[in-house]
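These notes concern the structure reproduced below.
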Amino acid sequence: MFLTQRVIGVLYIKTSRAMNLSPVSFFLQQRFFICLLGICNLLLYTQTVAQNYNLALNATVPVTGGAEMSDVWGFERGNRSYVISTRTNGIAIVDITTPSAPVEKLNVSGPNTYWRDAKVWGNYAYITNEASGGLQIIDLSPLPAGSLSAANVSYWTGGMWNSSNINFSTAHNIFIDENGIAYLLGSNYGVGGAIMLNLNTNPTNPPIVGIYNQRYVHDAFARGDTLWAAEINNGIFSVINVTNKANPVVMATQATSSNFTHNLWLSNNGHYLFTTDETSGAYIDAYDVSDLTDIKRVGQFRTSTANNVIPHNVFWKNNFIIIAYYRDGVIIADASHPEKIIQTGWYDTSAGYSGNGYNGCWGVYPYFTSGIIAATDIETGLYVLTPTYVGASFLQGLVTNAATAAPVANASIQVAGVSQANATSGFTGAYLSGMTGSGTFTVTVSASGFVSQTFSVTYTNGVTQTLNVALVPNIPFSATGLVTDAQTGLPLASAPVLFNDGLNNYTATTNASGAYSVALPGSGTYTLSAGKWGYQTQQLTGILLNSSSNTMNFSLRKGYYDDFLFDFGWAVSGDASAGAWVRAEPIGTSLDNSPSNPETDVSNDFGDQCYVTGNAAGAVGNADVDNGTTILTSPIFDLSTTPAAQISYYRWFRNGGGSGTPNDQMLIKLSNGTTTVTVQTIPFNDASQGQWVNNTITVADFITPTNNMRLIAEVSDLGQQHIAEGGLDKFEVLIPPVVVQVSAWLGGAYSGGQMSGSLANNNLLPLTQPYNQPPWNYAGTETVSALPANVTDWVLLELRPAASPGTIAEKRAAFILRNGTVVDTDGSAGVKFYTLGQGGNYYIVLRHRNHMAVISSGPVSLPNATTFSFSNIANVAGGASQLAPIGGFVYGLVPGDFDANGVVTVDDFNYYTTQTAQLNTYNDADCSLDGAVTVADFNLFKANAGKIGMSVIRY
């Protein structure tokens with residue numbers, strides 16, 4: 001990074017000198033290079049989190065013969081390293097002492113099964129399978145000097161326990177502790193708990209010394225006198241005292257976060273236990289187990305793809321965890337701070353797969369003296385990898401109240417550009433931030449009721465830095481404003497308003513005058529939202545508010561939109577005994593190893609709320625629909641004047657579990673006040689179960705639109721106690737827009753058959769419509785991220801009813817191109833109007849900042865297939881008196897109306913004098929639209945002085 005900065009710095013200095021820059025240009029170039037340095041910082045950081053990093057491939061041993069790989073283990077003899085790789089039809093022992101050139105030493109066939117597991121104790125390898133044949137034992141003593149053969153293989157099929165003969169044929173897993181006690185897990189005996197063998201007594205015919213038979217054990221870890229059992233079917237791990245192996249005693253149990261506890265591994269100091277849940281999108285959990293009477297989950301980790309990938313097996317080594325992560329391959333993560341586990345290495349063994357599914361990396365073995373990692377990929381074979389263990393970069397500290405020294409809880413620590421490193425302080429004020437990469441970043445510490453503070457912090461790999469922050473209490477104030485109808489400007493009463501500072505919500509409701517006042521904890525950056533049933537919700541982000549800048553007005557467009565950020569009064573009914581619809585931030589659950597309740601609402605709306613049937617953590621059945629139907633009904637909406645209306649919504653449904661084939665359903669219905677019809681049935685076998693899916697319908701295809709419409713969502717549990725869950729979000733009525741096609745010339749900008757493009761070419765044209773000020777006071781939110789090609793300027797279009805030309809039906813800001821065509825903000829031909837329903841006959845008004853407005857000579861039938869031209873004097877009310885001749889028989893809008901009031905008078909001259917000689921600016925007195933206020937603009941004014949616009953459209 002330092003070298004990169006030096007190179008750019010030298011380039012900057014040399015370039016500045018070579019170009020002989022002026023002071024202003026020098027300053028601008030300096031800003032450019034500072035920005036370039038920031039980009040390089042981000043590029044360097046991005047490189048550290050790209051796929052396949054800190055794990056290098058040495059060699060692969062492909063799986064052959066149609067087999068698939070399962071688990072892997074390793075051992076060392078002399079100065080040589082060996083891998084035991086298991087597969088569906090046997091095992092292989094491979095010498096990987098030279099990582100780039102693996103050599104197979106033994107290949108043994110066995111009964112066909114997906115599940116094999118291997119461990120080594122002394123001179124023997126012990127291998128379980130879930131098909132038949134017992135415990136496979138391989139004598140490894142010939143290694144490294146000699147060779148292995150079938151003669152080195154034997155089997156253990158049981159022994160005596162409590163005077164009974166225990167017949168052993170299968171097990172899911174095996175673990176061997178440091179004392180030579182083997183634990184056969186998930187076996188054919190009893191409930192499939194743990195059979196304990198003493199390998200020291202007789203390594204090829206070990207006696208049974210104990211049996212744990214309380215619950216099925218899928219996998220386990222043992223150290224000293226304690227067995228840690230992953231009891232997958234119960235969704236827990238058990239901590240079992242096996243001091244007396246003949247009488248195991250459960251000391252504690254703990255549910256894991258996804259209730260499907262697959263495997264676990266203990267840190268060397270015994271303080272932390274790491275677990276996997278073998279289910280879609282599950283986390284690796286970190287538990288503080290130093291006090292078995294108070295086990296705490298202190299952290300969670302999920303691979304950086306966050307794509308519903310299933311974790312499989314986790315191992316701990318020297319403050320890192322190494323994970324076999326199915327479709328994401330091998331993952332290394334820094335677990336030195338279990339409360340903030342950071343991914344620091346990745347090798348994708350299964351590039352052909354992604355997301356949810358049982359493909360890819362099954363197992364890893366990270367304990368070779370050389371540091372080499374062996375991994376097995378189900379479809380492709382054995383991988384020999386060299387890891388580079390790079391510690392994450394951490395920042396920790398305390399956030400306190402500068403006035404009282406008391407801890408500040410829920411303070412937000414935001415690292416610019418690296419969301420991974422964001423953190424929140426706990427009740428003691430302590431926080432921990434961490435990231436994969438390194439570099440210098442802006443860190444902002446904020447809390448409700450305090451003044452935010454910003455720091456420049458250099459994060460360094462493998463280092464934990466301390467930054468204590470004392471926040472100064474903020475001064476509370478109230479924000480005020482109006483909520484109005486965007487078209488009429490009339491106040492909207494009972495409209496909810498929500499301000500969010502990134503930590504908390506602050507709410508208010510408008511009074512009869514459309515006014516609101518909301519109490520805020522202090523100055524800061526807020527996200528502001530306002531809405532009302534029958535209007536489009538408006539949200540403004542990044543708004544800096546303080547006691548002297550505390551007024552914010554909202555103008556809402558008509559339309560029906562509800563993403564449930566606000567409670568607009570949907571009604572819940574039905575006869576279900578549990579799982580009624582509730583508006584909430586959804587809590588994720590799993591069923592049959594895949595998502596049941598999604599843990600987030602729809603991503604492309606405002607806020608985090610949706611409607612969900614029940615909403616509870618833990619087991620999927622805790623809040624599902626039971627014994628009936630729960631019904632969600634919208635408020636009334638009026639579609640009587642919009643027969644082409646469509647309705648869009650997002651939904652999900654999950655049905656499974658229970659006995660027999662699931663038979664439940666989700667229904668979406670429409671009512672017009674007289675008739676109710678089903679518009680969508682989501683059955684139990686829906687292909688997108690547990691996932692948000694958008695559906696859009698044309699109302700008239702199902703029912704006659706009226707002024708008494710309602711949407712209804714029903715989820716039913718029809719018997720047999722299956723899991724039945726559903727969700728609804730982002731309801732919206734889509735009205736096909738009326739497209740109005742208009743063209744005109746702006747007289748001041750016209751020359752030789754086209755208009756000036758100087759404003760756009762010189763980056764002077766604003767990206768947000770400029771008519772949000774007097775005299776227009778247009779509250780539209782038209783904004784673009786980039787200008788369409790060949791733009792001259794913004795214009796404002798108005799549509800007025802044929803029967804009432806003094807009334808404005810709808811306004812829209814748009815662009816006028818150099819060829820005179822008026823286009824929408826996306827550059828498409830014609831301007832879209834969204835509240836006119838099916839169109840009709842309207843007067844068209846065209847306004848510009850410094851040209852006199854014009855109105856059509858009569859109503860125009862909309863939408864219009866033929867472009868309406870304001871250059872044709874017959875089309876303009878008042879004819880030639882309202883236009884300016886700009887060459888031959890070409891007419892354009894009259895330039896020089898600098899104050900845009902509809903008449904060209906001395907007031908416009910006075911306005912001109914306040915802006916004259918201004919260069920490279922976007923000024924109303926620049927009617928030639930070249931970016932400068934010059935004598936040319938005065939001459940345009942002078943030529944049109946005394947012009948008077950039509951009274952119906954004058955301000």
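Values in this text are rule-based calculations from the coordinates and carry no lab data. For clarity, every value in this text was computed on a predicted model and none was experimentally measured. Please note: Cβ atoms are built from the backbone with ideal geometry, for glycine as well, and neighbour counts cover all protein chains shown.
Quick look at the numbers
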item	result
Where only C-alpha atoms are counted, convex hull volume of segment 738-953 per residue in Å³	110
Between segment 498-517 and segment 528-596, the alpha-carbon center distance in angstrom	14
Aspartates and glutamates with Cα under 15 Å of LYS730, excluding same-chain neighbours fewer than 8 positions away	ASP562, ASP563, ASP567, GLU585, ASP601, ASP605, ASP608
Subset of LYS669/LYS811; LYS296/LYS317; LYS558/LYS947 violating a 26 Å alpha-carbon distance limit	LYS669/LYS811; LYS558/LYS947
Highest to lowest packing among 173-183, 333-343, 396-406, scored as the average C-beta count within 10 Å	333-343, 173-183, 396-406
Per-residue ³J(HN,Hα) for segment 829-838, Karplus 6.51 cos²θ - 1.76 cosθ + 1.60, θ = phi - 60°, Hz, x for Gly and Pro	5, x, 10, 8, 10, 9, 10, 8, x, 8
Summed side-chain charge close to LEU919 - residues other than LEU919 whose Cβ falls under 14 Å, Lys, Arg +1, Asp, Glu -1	-3
Hits among aspartates and glutamates - C-alpha to C-alpha of LYS119 under 17 Å, sequence gap 8 or more where chains match	ASP71, GLU76, ASP95, GLU130, ASP139, ASP177, GLU178, ASP219
Highest average packing first - 728-735, 96-103, 541-548, Cβ atoms within 10 Å	728-735, 96-103, 541-548
Only Lys, Arg (+1) and Asp, Glu (-1) charged, at Cβ; segment 286-430 dipole about Cα centre in debye	160
Within the chain, percent of DSSP bridges classed antiparallel, to nearest 5	95
Euclidean distance of C-alpha centroids, segment 732-809 and segment 310-387, integer Å	56
Cβ crowding within 10 Å averaged over residues, with 411-424, 827-840 ranked highest first	411-424, 827-840
Rounded to 5, the percent of DSSP beta bridges in segment 477-559 classed as antiparallel	85
Alpha-carbon radius of gyration plus Dmax, which is the widest Cα pair, for segment 393-471 in Å	11.7, 36
Overall dimensions of segment 389-523 by Cα: Rg and Dmax, Å	19.3, 64
Segment 643-714 and segment 915-955: distance between their alpha carbon centers, rounded to Å	56
Relative frequency of Cα-Cα separations exceeding 23 Å in segment 571-734, percent	35
Semi-axis lengths, Å, the chain, gyration tensor of Cα atoms, sqrt of 5 times eigenvalues	67, 35, 26
Sequence-distant aspartates and glutamates (8 or more away, or on other chains) whose Cα lies within less than 14 Å of LYS340	ASP285, ASP288
Expected 222 nm ellipticity per residue - DSSP helices of 4 or more, -39500 (n - 2.57), all of the chain, to 500	-2500 deg cm²/dmol
Among SER163, LEU266, MET251 - extreme Cα towards positive end, dipole of segment 138-277, charges at beta-carbon	SER163
Antiparallel DSSP beta bridges within segment 393-471, percent to nearest 5	75
For GLY391, residues with placed amide H under 5 Å, excluding near neighbours	GLY462
